[in-house]
Amino acid sequence: MRTLTPLEARVLATLMEKARTVPDSYPLSLNALLLGCNQKTSRDPMMDVTEAQAQAAIDALKALSLVFQASSSRVPRFEHNFQRGFGVSEPQAVLLGLLMLRGPQTPGELRTNSERWYKFADIASVEDALGELKARGEDSGVIAVVQLPRAAGMREQRWVHLLCGEGALSAFPPVNAGDTAIDSEAEPVSLGQAERLQQRLETLETQVLQLQTQLAHLQKELGVSQA
């Protein structure tokens with residue numbers, strides 16, 4: 001199967017998302033699909049897709065048997081056939097759909113963002129599904145996902161899909177030697193650790209202030225001037 005264009009990936013992933021998050025409105029009309037493609041939240045990059053562009057992408061995806069038109073509605077409605085078309089499991093399809101919609105993400109981000117799509121038990125199960133996708137691609141020669149070099153200050157590596165070809169990797173330059181050296185000297189701090197450190201710092205500052213107040217009071221009682 002050929003690689004997808006970014007617009008085809010957006011249309012396909014939007015159908016995948018809405019099938020799971022708003023099943024009562026699925027399959028989608030062209031207008032609903034257009035609104036989903038052009039959402040200003042949960043999209044990276046944001047797009048301004050026209051009706052003609054969306055229809056052209058639908059026609060191209062229909063030719064690849066990745067999208068079908070529902071036959072039971074007077075208004076044309078469309079549904080995806082991603083899982084069968086690509087021969088992937090439900091968890092793998094969810095991860096690829098999220099990567100197409102939201103751009104590169106860490107396993108932790110993927111687990112959080114998949115809450116309305118699919119319930120991963122833990123981050124390890126996300127990593128297992130990503131690993132299976134990677135191994136599957138290495139065996140077939142058609143790579144679907146790849147890990148990006150770890151960015152400075154980040155604990156986890158991000159993953160990116162390659163359904164639109166490897167050209168997309170040019171937007172994520174490799175980590176240079178300076179970044180690597182800095183990263184190897186200090187363990188990156190997670191958001192949770194940063195919050196705990198901030199709380200600890202505030203507690204220590206409060207304790208120091210209390211001690212300074214007590215010391216000033218004691219000096220006053222003893223008639224000792226502050227040095």
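The values are calculated or read from the model by the stated rules, or taken from the named source; none is laboratory data. Just so you know, these numbers come straight off a predicted model, no measurement behind them. Because the Cβ atoms are built from the backbone with ideal geometry, glycine has one as well, and the counts that use them run over all protein chains shown. Accessible surface areas use protein heavy atoms only, side chains included; no ligands, DNA or RNA. Shrake-Rupley method; radii C 1.70, N 1.55, O 1.52, S 1.80 Å.
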key: Protection-proxy order for peptides 18-25, 130-137, each taking the mean of Cβ atoms within 10 Å per residue, highest first   = 130-137, 18-25
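So if I average 1/r over every pair of distinct C-alpha atoms in segment 55-165 and take the inverse, what Kirkwood radius in Å does that give?
15.2 Å
So what's segment 1-67 giving for Rg/Rh, alpha carbon basis, Kirkwood Rh from the mean inverse pair distance? Show your work: numbers first, answer last.
Numbers: Rg = 11.2 Å, Rh = 12.0 Å.
Answer for segment 1-67: 0.93.
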remark   = Here, N31 and Q147, labelled 7 Å along Cα→Cβ, have an inter-label distance in nm of 4.7 nm
key: Spacing of the two label points (7 Å from each Cα toward its C-beta) at S125 and T41, in nm   = 2.5 nm
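Could you tell me what percent of the accessible area of segment 1-157 is made up of carbon and sulfur, with a 1.4 Å probe and every protein chain present? Before the final figure, lay out the partial values.
Values: 3900 of 7780 Å².
About 50 percent, which is the carbon plus sulfur part of the accessible surface.
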note = Amide H contacts under 5 Å for A70, restricted to residues at least 5 apart in sequence or on another chain and with H modeled in the peptide plane, are R77, F78, E79
task = With the Cα gyration tensor of segment 1-134 in hand, give its eigenvalues times 5 under a square root as the equivalent ellipsoid semi-axes, listed largest first in whole angstrom.
result = 24, 15, 14
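Quick check on packing: order 98-111, 4-17 by the mean number of other C-beta atoms within 10 Å, highest mean leading. Provide the component values of the computation, followed by the final result.
On the way: 98-111: 20.9, 4-17: 23.0.
By packing density, highest mean first, the sequence is 4-17, 98-111.
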